[in-house]
Amino acid sequence: MSDTPYRAGFVTFVGRPNVGKSTLTNALVGEKVAITSPKPQTTRRAIRGIVHRQDGQLIIVDTPGVHRPRTLLGERLNALVESILGDVDVIGFCVLANEKLGPGDRFISERLDDFPRAKKVAILTKTDQASRTEIVDQLARIGALREWDAVIPISSTAGEQLDVLSDVLLDLMPESPQLYEDAQVTDEGEDDRIAELIREAALDGVRDELPHSLAVTVDDRVEREADGDDPGLLELYASLYVERDSQKGIVIGKGGSRLRSVGERARHEIEALLGRRVYLSLRVKVLKEWQRDPKLLGRLGF
């Protein structure tokens, strides 16, 4: 029996858009629980990914990025982030290894003072894309921002230093009983994960104004008859919501070509998630100004 105390607690990663917060979450969990995209504000929910270790559990809360809200949705996402930052045990501040610190980084670093309960760890991301000199210089800049509980350079895609980060985060967690079952990697419902995979596929390659206006719901699922060990085909019917007719045209594409491509990419991801064959039917609908309408936000799960 080990003398090491069992620890469990909550960590969230903050940082500018595209510093690799969701990619890091997936890499630590060892499974895709958060969608990734180069578009800002891709993450819209507090998605919990669970890292299981012999000596404890890390519960990673992948949150929307802090930003200046322009809509009611933006205000609600910021409020969600505020409540999470006030509750977690550790905040991981993510900074790119290959870009100098900007005003956005400094703004977020200063905001960390508002959450004194949480321990603070600086994480230098995407070190595989930076030279040794860039990494050393960036570590010095980060160190000058504040006193950190730890500063760790990592690469999620190359798998570098993830075990070190995991060790450090767990050491900062309180002693605790196990919080989640061994097999559980997220507390997201299956339909929510499916809707996110469809949204991820739809975000790929679209223009800047569309990502904020795009929402997805899973409307129906029909089980086809199983055949022996084959669980049978699962029919999924989902809706993609946009705010304007012009956006509907962008999502569908010429002759429906883009929507077919989105459906094909999403179906492959969903089949990998569920481990079974899927038929996916997508419809695009216009909900005017849904980001600003309290009733529509509630209907879409915000």
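Of everything in the range 5-26, what is of a type outside the set (Ser, Thr, Tyr), out of contact with any Ser or Thr (no Cβ under 8 Å at 6 or more places or on another chain) and closer than 14 Å to residue 49 by Cβ? Give them in sequence order.
Scanning the range 5-26 gives 10, 11.
Please go through the range 168-183 and give me each residue that is more than 22 Å from residue 117 (Cβ to Cβ) and among the acidic types (Asp, Glu), ordered by number.
Within the range 168-183, 181, 182 meet the criteria.
What residue, of 168, 121, 151, 164, is part of a strand (DSSP E or B) and under 21 Å from residue 6 (Cβ atoms)?
Values: 168 fails: part of a strand (DSSP E or B); 151 fails: under 21 Å from residue 6 (Cβ atoms); 164 fails: part of a strand (DSSP E or B).
Checking each option against the conditions leaves just 121.
Among the numbered conditions (1) surrounded by 15 or more Cβ atoms within 10 Å (Cβ to Cβ); (2) at pLDDT below 80; (3) under 30 Å from residue 8 (Cβ atoms), tell me where residue 126 comes up short.
So the condition that residue 126 fails would be (2).
Output the number of residues of the range 290-302 satisfying the condition of being loosely packed, with under 13 Cβ neighbours inside 10 Å and either hydroxyl-bearing (Ser, Thr, Tyr) or in contact with a Leu (Cβ under 8 Å, 6 or more places away or on another chain) (or both).
So the count comes out to 1.
Any residue that is closer than 11 Å to residue 198 by Cβ, modelled with pLDDT of 90 or more and among the aliphatic types (A, V, I, L, M) - is there at least one of those in the range 228-236? It would help to see each step written out before you state the result.
Going residue by residue through the range 228-236, those that are closer than 11 Å to residue 198 by Cβ are 236.
Filter again for modelled with pLDDT of 90 or more, leaving 236.
If we keep only those that are among the aliphatic types (A, V, I, L, M) too, we end up with 236.
Yes: one or more hits.
Within the range 111-130, count every residue that is touching an Asp or Glu at 6+ places or on another chain (Cβ under 7 Å) and aliphatic (A, V, I, L, M).
2
Could you grab the pairs with beta carbons closer than 9 Å, sequence gap of 6+ or different chains, first residue in the range 75-98 and open to solvent by 20 Å² or more (accessible area, probe 1.4 Å), second one assigned to a strand (DSSP E or B) and among the acidic types (Asp, Glu)?
The qualifying pairs do not exist here.
Taking the condition at pLDDT 90 or above, surrounded by 13 or more Cβ atoms within 10 Å (Cβ to Cβ) and in a loop (DSSP other than H, G, I, E, B), does residue 221 pass? Explain how you work it out, then say what you get.
On the way: at pLDDT 90 or above: yes; surrounded by 13 or more Cβ atoms within 10 Å (Cβ to Cβ): yes; in a loop (DSSP other than H, G, I, E, B): no.
No.
Checking the condition without any contact (Cβ under 8 Å) to a residue 40 or more places away in the chain, surrounded by 19 or more Cβ atoms within 10 Å (Cβ to Cβ) and of a type outside the set (S, T, N, Q), which residue from 251, 216, 262 passes?
Details: 251 fails: without any contact (Cβ under 8 Å) to a residue 40 or more places away in the chain; 262 fails: without any contact (Cβ under 8 Å) to a residue 40 or more places away in the chain.
Step by step, each of 251, 216, 262 is checked, and only 216 is without any contact (Cβ under 8 Å) to a residue 40 or more places away in the chain, surrounded by 19 or more Cβ atoms within 10 Å (Cβ to Cβ) and of a type outside the set (S, T, N, Q).
Tally the residues that are touching a Lys or Arg at 6+ places or on another chain (Cβ under 6 Å), open to solvent by 20 Å² or more (accessible area, probe 1.4 Å) and modelled with pLDDT of 90 or more, restricting the search to the range 179-213.
Number of matching residues: 0.
Is it the case that the range 129-136 has a residue that's of a type outside the set (D, E, K, R) and under 30 Å from residue 242 (Cα atoms)? Walk me through how you get there before you give the answer.
Within the range 129-136, the subset of a type outside the set (D, E, K, R) is 129-131, 133, 135-136.
Then keep just the ones that are under 30 Å from residue 242 (Cα atoms); that gives none.
Looking for residues that are of a type outside the set (D, E, K, R) and under 30 Å from residue 242 (Cα atoms), one finds none in the range 129-136, hence no.
The values are calculated or read from the model by the stated rules, or taken from the named source; none is laboratory data. Note that the structure is a prediction, hence the values are computed from the model and not measured. Cβ sites come from the backbone with ideal geometry, for glycine too, and all protein chains shown count toward neighbours. Heavy atoms of the whole protein, side chains included, go into the accessibility calculation; ligands, DNA and RNA do not. Shrake-Rupley method; radii C 1.70, N 1.55, O 1.52, S 1.80 Å.
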